[in-house]
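Worksheet: one structure, shown below.
The values are calculated or read from the model by the stated rules, or taken from the named source; none is laboratory data. Note that the structure is predicted; figures quoted are calculated from it, not measured. All Cβ positions, glycine included, derive from the backbone under ideal geometry; neighbour counts span all protein chains shown. Just so you know, the surface numbers come from the protein's heavy atoms only, side chains and all, with ligands and any DNA or RNA stripped out. Shrake-Rupley method; radii C 1.70, N 1.55, O 1.52, S 1.80 Å.
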Amino acid sequence: MSTLEDPIEGATHTEIGGLVVDEVPVGESRVKRVVYPPGWVWSEAMKPITGTDSCRHAHVGFLAQGSLAVRFTDGCEIVHSAPDTIAVEPGHDAWVVGDERVVLLQVDAGPQTVERLGLQGLHHVCTGSHAV
């Protein structure tokens with residue numbers, strides 16, 4: 001376990017679908033540290049909890065440790081490896097790549113993340129240096 005995974009004083013600690021989430025409210029948003037274990041796959045761990053075919057949340061933040069692959073419903077696949085920034089639109093599956101835990105430092109506004117951060121809705125175009 002790295003210091004990136006140490007307890008955060010004052011954070012709300014949650015464990016769901018194999019993830020460890022520490023969250024602190026900041027204004028109308030929240031800052032989260034999400035730790036994904038090796039072998040974690042959204043469609044296996046979270047789909048039964050959410051009841052949706054893909055993750056419907058946007059994720060914006062800094063990937064501090066590990067590698068995370070994302071496949072959008074349009075077929076686009078992107079792999080992020082630390083250190084890296086992440087902006088993932090709703091409508092995706094994701095999984096940990098390799099044997100290292102992933103640590104994502106994320107900022108969001110709950111269901112209003114897409115609107116408040118000016119992101120597009122569902123993913124439409126697979127471009128950039130991370131596209132597979």
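Limited to segment 1-27, what total is found for residues that are open to solvent by less than 50 Å² (accessible area, probe 1.4 Å) and either among the aliphatic types (A, V, I, L, M) or out of contact with any strand residue (DSSP E or B) (no Cβ under 8 Å at 6 or more places or on another chain) (or both)? Total meeting the criteria: 6. Taken over segment 36-63, residues that are within 24 Å of Thr85 (Cβ to Cβ) and charged (D, E, K, R) amount to 1. Criterion applied to Val88, Val96 was being in contact with a Phe, Trp or Tyr (Cβ under 8 Å, 6 or more places away or on another chain), touching a residue at least 24 places away in the same chain (Cβ under 8 Å), closer than 14 Å to Met46 by Cβ and of a type outside the set (Lys, Arg), and the one residue passing it is Val96.
The set of residues in segment 28-67 being open to solvent by less than 50 Å² (accessible area, probe 1.4 Å), more than 25 Å from Gly118 (Cβ to Cβ) and not polar (S, T, N, Q) consists of Val35, Tyr36, Pro37, Trp40, Val41, Ala45, Met46, Gly66.
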